[in-house]
Amino acid sequence: SVTTSGTTYSVTNAEGLASINSAMADNTTGVGIAINLLSDIDFTGKTWTPVDSHADTAFEIDEINGNGHTISNLTIEGQAMFTRFAGSDDVVVKDITFDNATVNSNDKINTSILTVQTYQNVLLDNVDVKNSSITGGYKVAPLIATVYNESPSTTVTATLKNCNVENVQVKAVTYDFCTTGMVAFVNAGDNDAITFENCTINNLKLIAP
């Protein structure tokens, strides 16, 4: 279920998390949204179809707080679980584990379990991926933090901190640009930065054309 209090969605099961994706697809207005996981979530028997990351939307996610919980058995037919986060705000994703996730995409587009794409600072903190498989084109990785800084005078940072990838296969099928365990990408200002802190990758299998 999902309960809404101000701009926070408190999620306790797969249906509740999927309803947020539906709100994005319906172009529901929501700025500064936070997602707060209150329990482990099992997606067995369900398929997640993400919203097109390039479509217009008034729904912007600024934070996902997993509170130490695990999302398991997630199957994504498309680019990533959430591909659109914030227009002009910082984004934080923290304290969440993805276990036994499968991502399938044939498009030349960023493909991952979790792609954070925004115009300001991005922080992935204590986000883990294990026992999973990601197949797609362009940048292909379990975790992707992407910042498009439209103001050269503003400094932004893409940071992955305390993130761990273990027992994961990453396969690029259409375009061999970047196939790896984690991606941080910043485009624009001269002073923009990428930071990896205390991250680990173990038993990663890479397949590329």
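Below, the figures for the structure above:
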read-out	value
Selected residue (criterion: nearest to GLY66 (Cα to Cα)) from residues of the stretch 120-129 that are touching a Cys at 6+ places or on another chain (Cβ under 9 Å) and surrounded by 23 or more Cβ atoms within 10 Å (Cβ to Cβ)	VAL127
Failed item in (1) more than 13 Å from ASN121 (Cβ to Cβ); (2) under 15 Å from the mean Cα position of the chain (by Cα); (3) at pLDDT 85 or above, with LEU160 passing the rest	(1)
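Condition check ((1) surrounded by fewer than 19 Cβ atoms within 10 Å (Cβ to Cβ); (2) in contact with a strand residue (DSSP E or B) (Cβ under 6 Å, 6 or more places away or on another chain); (3) more than 18 Å from ILE61 (Cβ to Cβ)) across all residues:
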residue: LYS108; (1), (2), (3): yes, yes, yes
residue: THR118; (1), (2), (3): no, yes, no
residue: ASN131; (1), (2), (3): yes, yes, yes
residue: ILE134; (1), (2), (3): no, yes, yes
residue: THR146; (1), (2), (3): no, yes, no
residue: THR155; (1), (2), (3): yes, no, yes
residue: ASN164; (1), (2), (3): no, yes, yes
residue: VAL168; (1), (2), (3): no, yes, yes
residue: ALA172; (1), (2), (3): no, yes, yes
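The values are calculated or read from the model by the stated rules, or taken from the named source; none is laboratory data. What you see is a predicted model; the values in this text were computed from it and never measured. A quick note on method: Cβ atoms are made from the backbone with ideal geometry, for glycine too, and the neighbour counts reach across all protein chains shown.
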